[in-house]
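The values are calculated or read from the model by the stated rules, or taken from the named source; none is laboratory data. Note that this is a predicted model, so its numbers are computed, not measured. Don't worry about glycine lacking a Cβ; one is built from the backbone with ideal geometry, like all the others, and counts go over all protein chains shown. Remember, those area values only see protein heavy atoms, side chains included, never the ligands or the DNA or RNA. Shrake-Rupley method; radii C 1.70, N 1.55, O 1.52, S 1.80 Å.
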Amino acid sequence: MEQDWIMGLIGGVLIGLGAAVYLLGNGRVMGASGIIGGLIDGSGRNTGKERLVFLAGLVGMPALLYVMTGAQATTHLTGNWAVIIAAGLLVGIGTRVANGCTSGHGVCGISRFSLRGIVATLIYLAAGGLSLLLMRHVAGVI
Amino acid sequence: MRYLIALIAGSLFGAGLFVSGMTDTTKVQGWLDVFGAWDPTLAFVMGGAILPMMVAWRLTANRAPLAGGQFPEAPGTQIDRKLVMGSVAFGAGWGLAGLCPGPAIASLSYGGAGGLVFLAAMLLGMGAAPRMGRYLDSPAHAA
């Protein structure tokens, strides 16, 4: 739909502005996996409060917007628990081992022409396409 | 000051996910599903997010962060096993569920039980990641 990509572009700019505020304000890369991962493995202990406040905004703002607009949240997340758990584990391990996800390597890395960010993004896009191809069109699991 | 900035940044991130529709896993999987009903929305989200950040990186030259401290160092250029294998694992999981870490955290407010279970599994994986990283780094595993 035509409207989808316009909303995508506007939403994308908002995400980019958030990353710009975090960078120019606090001097940090806005990577979702790094911000929460540092709380999990203890590497971000010294900046714990800052991380928690960031996460509060990330959770709170969509919640507020759903209440204000009365929009229905549609996630279409699969009902297959095994798939959900396997996917969650893969995303958790993968983003921390690779030291970045869509926001860190993708948004923040590509915008500074980081070779690591560009390579990581190409790889996880290809792996995502392949996993969807195999599991949906070949195995028919999702 | 640092906390206010972090709150504003997180809120903008959350608002962007809400507006762009990236809270819906079918939109993400639609982008990855080249052989199905392909949906280009995610490319516009990524492109839209990269634009302000290109300006922001330029503004970091000869300046210091508003709240003090220093800007991140120039990124490394080393493509190591951890970057490659980690990104393969992340991509595989991303394709399976259509959730990456940002939306997974945001889905706490709207994702129901499924989102909660995904988030719990993701955090568990993040806890196990340092060990996996050391394993990939060990010389015994060198190809």
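Output yes when any residue across the range B:81-96 is under 15 Å from the mean Cα position of the chain (by Cα), surrounded by fewer than 24 Cβ atoms within 10 Å (Cβ to Cβ) and not assigned by TED's automatic domain parsing to the domain that holds B:Pro130, and no when none is.
The answer is no, given that none of the residues of the range B:81-96 is under 15 Å from the mean Cα position of the chain (by Cα), surrounded by fewer than 24 Cβ atoms within 10 Å (Cβ to Cβ) and not assigned by TED's automatic domain parsing to the domain that holds B:Pro130.
Restricting attention to the range A:1-48, which residues are of a type in the set (Ser, Thr, Tyr) and either in a helix (DSSP H, G or I) or under 16 Å from the mean Cα position of the chain (by Cα) (or both)? Steps first, please.
Going through the range A:1-48, the residues of a type in the set (Ser, Thr, Tyr) turn out to be A:22, A:33, A:43, A:47.
Once the filter is applied, which keeps residues that are of a type in the set (Ser, Thr, Tyr) and either in a helix (DSSP H, G or I) or under 16 Å from the mean Cα position of the chain (by Cα) (or both), the range A:1-48 yields A:Tyr22, A:Ser33, A:Thr47.
If you check B:Trp38, B:Trp57 for being without any contact (Cβ under 8 Å) to a residue 12 or more places away in the chain, over 19 Å from the mean Cα position of the chain (by Cα) and either open to solvent by 40 Å² or more (accessible area, probe 1.4 Å) or farther than 22 Å from A:Gly88 by Cα (or both), only one passes: B:Trp38. If the condition is being more than 14 Å from the chain's Cα centre (by Cα) and either crowded, with 16+ Cβ neighbours inside 10 Å or assigned to a loop (DSSP other than H, G, I, E, B) (or both), then the range A:79-92 contributes A:Gly79, A:Asn80, A:Val83, A:Ile84, A:Ile85, A:Ala86, A:Leu89.
Are any residues in the range A:49-78 more than 7 Å from every other protein chain (Cβ to nearest Cβ) and either surrounded by 20 or more Cβ atoms within 10 Å (Cβ to Cβ) or over 19 Å from the mean Cα position of the chain (by Cα) (or both), and if so, which ones? Within the range A:49-78, A:Arg51, A:Leu64, A:Val67, A:Met68, A:Thr69, A:Gly70, A:Ala71, A:Gln72 qualify. For the range A:104-135, a residue qualifies if it is more than 7 Å from chain B (Cβ to nearest Cβ), within 17 Å of the chain's Cα centre (by Cα) and open to solvent by 50 Å² or more (accessible area, probe 1.4 Å), and the qualifying residues are A:Ile118, A:Leu122. Exactly one residue out of B:Leu51, B:Leu66 is open to solvent by 40 Å² or more (accessible area, probe 1.4 Å), outside any helix (DSSP H, G or I), facing chain A (nearest Cβ under 7 Å) and of a type in the set (A, V, I, L, M, F, W, C): that is B:Leu66.
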